[in-house]
1. Might you check whether a residue that is more than 29 Å from Asp42 (Cα to Cα) and either at pLDDT 85 or above or part of a loop (DSSP other than H, G, I, E, B) (or both) occurs anywhere in segment 115-126?
2. Could you grab me the full set of residues in segment 80-108 that are out of contact with any Gly (no Cβ under 8 Å at 6 or more places or on another chain), assigned to a loop (DSSP other than H, G, I, E, B) and farther than 30 Å from Arg139 by Cα?
3. State all residues of segment 42-79 that are in a loop (DSSP other than H, G, I, E, B) and at negative phi; if no residue qualifies, say none.
4. Output yes when any residue across segment 36-51 is modelled with pLDDT under 85 and either hydrophobic (A, V, I, L, M, F, W, C) or closer than 30 Å to Arg139 by Cα (or both), and no when none is.
Amino acid sequence: MTYDHVKRFINKYGLLTEGSNHAGDNYLEWSAAIREALRLIDSKQREHAIAIFNANHKVARFTHRIRWCSVTTKGKLEIVPVDLLSALMLQLEAAITQGTKFRRCKHCGTWFAYGPGTPHSVRKEFCAPRCRVAEMRQRQAAGEGASDCNEMHQLE
């Protein structure tokens with residue numbers, strides 16, 4: 001990503017916030033810092049990733065709310081980012097403190113969190129059951145392999 005890419009994005013979509021005081025010129029610098037922190041996490045150098053987070057955390061802005069959970073019958077505090085950069089910093093915090101990772105759904109391409117700190121295992125490939133089912137139906141329609149049940153009957 002280059003400076004021109006960032007400027008074009010900001011000119012087209014804005015800073016994705018209401019009333020942000022972040023200058024568009026700084027987004028490229030911040031995104032590079034976030035990428036470096038993620039590289040350090042993957043390299044098992046969390047302490048260096050924490051240093052990068054702490055050096056940049058003041059740019060993030062959040063609000064909060066309490067969401068009621070009818071299952072646990074308790075309220076849960078949620079931290080809500082107010083702009084794109086703050087959302088990225090919140091995801092970086094989850095990656096550092098909980099080991100959360102992110103990947104694209106194999107079917108629709110939507111990003112989703114998986115691994116520690118999420119309800120999704122590291123094996124999860126789809127963002128939702130509907131995408132898993134849709135992908136399976138596409139494979140079946142294309143004739144890319146029989147269902148497990150059919151394969152078992154053929155082996156007998």
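1. No, the conditions are met nowhere in segment 115-126.
2. Val82, Asp83
3. Residues satisfying the conditions are Ser43, Gln45, Ala60, Arg61, Ser70, Val71, Thr72.
4. Checking segment 36-51: not a single residue is modelled with pLDDT under 85 and either hydrophobic (A, V, I, L, M, F, W, C) or closer than 30 Å to Arg139 by Cα (or both).
The values are calculated or read from the model by the stated rules, or taken from the named source; none is laboratory data. It should be emphasised that the depicted structure is a prediction, and the values quoted were computed from it without experimental measurement. All Cβ positions, glycine included, derive from the backbone under ideal geometry; neighbour counts span all protein chains shown.
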